[in-house]
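Data first, discussion second: the structure below is written as structure tokens.
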């Protein structure tokens, strides 16, 4: 009733011209075309829904530079962290059925679950898994799923106890993927069905989402599948898929689902209709209640007229020029997605892209929503490119050209550095040496993280990854004991623009 009253009030004060239906198809085409051109996006799909009606659902460009086909509304895209909403909804279905409670301890269903403090372990609830206020820092433990998704959920559960907090439990927001991977394991523990089976039977099938899947092997022979791309060293390139198609990755509950834009519009419609077809409105409402507050900046208050900002259970929540927006983004190597829902206006905007530029979807989303709300958007695509993508390209060009001062000559006994090193949660890294290649860094658990070690100064090196799509070159700081023996190393990404999921700074290697 409260939502209905608010909608009536908004209707009274918003001019009729504020509705999305006034966006002509050719206007949307122009907005998308501008984004694709400026941000070098090979393919994307855009969907807009209002009043339960799909007013736009269309593909643009191609699925891949190499032997690609036209993108349409049914093309599979990796939706990355938009998968978190599916995990939260799956658990909400179990809450609605009385099989679990949001405030049940995780230990009740996963007895091997353990974090850094026994008292926190005992208090840690299902709700805590979904709200990003665990006490863990941003991206802590992400190397267990990024950039090589080869840790199983059971390994994550076993290793999460080794991750160190940087704030008190349930105090402040810090985005973290590991708890969502743990949350996905609640489902088989309660139902006896795998995460993949439960989503198919209880979400995708009932909603008629036949182009959305948590089972990537089903896509192996599908011809309508977007491939990832990135601008590397100034050139747009098709790059390796993060998600392999021959097995279900361990990070599925946090970032692994694949969907078409048409199916994501069905998903958004379910949400705007308070969980219709999946759960009661009362249970659905808990997903969109602020569980963890976030700060609102001065710029957001003045520019966006934002009065609150927070995270619910799997969703970002804020207001914008007087209207509530529920949203989430998703980013993988070479692929981005975004969903924005304006429930008071019965509007949803869905965007999927196959290029590593969050600015492309951000530009389109802003243009559409600002049109709906009659907000003046003075930022052009070119201006946004200058502030974001160009700065990123310039920064990683700077990192590529950093050279060490070499204030201390390289030790004459290089084998002192070589050997295996062990971290409690990331596993083993081998430091190798040969006269031809010099020092090499090789991670056993993240096989794409291998590269040449360049001497920087003293016992500090720079690792240059062989795979340049990572854009995550890092300092490696070797430690030494009183006998001048190398005992271990720590790491830190050189650039503060490096994606937070390359959480090298949480690694502490000990020489074996």
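The values are calculated or read from the model by the stated rules, or taken from the named source; none is laboratory data. Because the structure is a prediction, the values reported are computed rather than measured. As a convention, Cβ positions derive from the backbone with ideal geometry for all residues, glycine included, and neighbour counts pool all protein chains shown.
Just a few scattered comments:
- Boolean, residue 497 is under 28 Å from residue 235 (Cβ atoms), in the same structural domain as residue 430 (by TED's automatic domain parsing) and surrounded by fewer than 19 Cβ atoms within 10 Å (Cβ to Cβ): yes
- Filter result for residue 133 (crowded, with 20+ Cβ neighbours inside 10 Å, out of contact with any helix residue (DSSP H, G or I) (no Cβ under 7 Å at 6 or more places or on another chain) and modelled with pLDDT of 95 or more): yes
- No other residue among 98, 68, 47 is in a loop (DSSP other than H, G, I, E, B) and under 30 Å from residue 130 (Cα atoms) apart from 98.
- Helices (runs of 4 or more DSSP H) contained in region 122-236 and holding at least 1 residues farther than 19 Å from residue 426 by Cβ and out of contact with any strand residue (DSSP E or B) (no Cβ under 6 Å at 6 or more places or on another chain): 126-129, 178-184, 186-191, 195-199
- Wholly enclosed strands (runs of 3 or more DSSP E) of region 433-512 bearing at least 1 residues free of Cβ contacts under 8 Å to residues at least 60 places away in the same chain, within 26 Å of residue 250 (Cβ to Cβ) and out of contact with any helix residue (DSSP H, G or I) (no Cβ under 6 Å at 6 or more places or on another chain): 438-443, 450-457, 460-465, 486-493
- Residue identified as crowded, with 16+ Cβ neighbours inside 10 Å, without any contact (Cβ under 8 Å) to a residue 40 or more places away in the chain and either out of contact with any strand residue (DSSP E or B) (no Cβ under 8 Å at 6 or more places or on another chain) or within 16 Å of residue 182 (Cα to Cα) (or both) among 105, 111, 118: 105
- Residue list for region 339-364, filter: free of Cβ contacts under 8 Å to residues at least 60 places away in the same chain and farther than 16 Å from residue 388 by Cα: 340, 342
- In region 42-64, the residues that are over 16 Å from residue 364 (Cα atoms), without any contact (Cβ under 8 Å) to a residue 40 or more places away in the chain and under 24 Å from the mean Cα position of the chain (by Cα): 62
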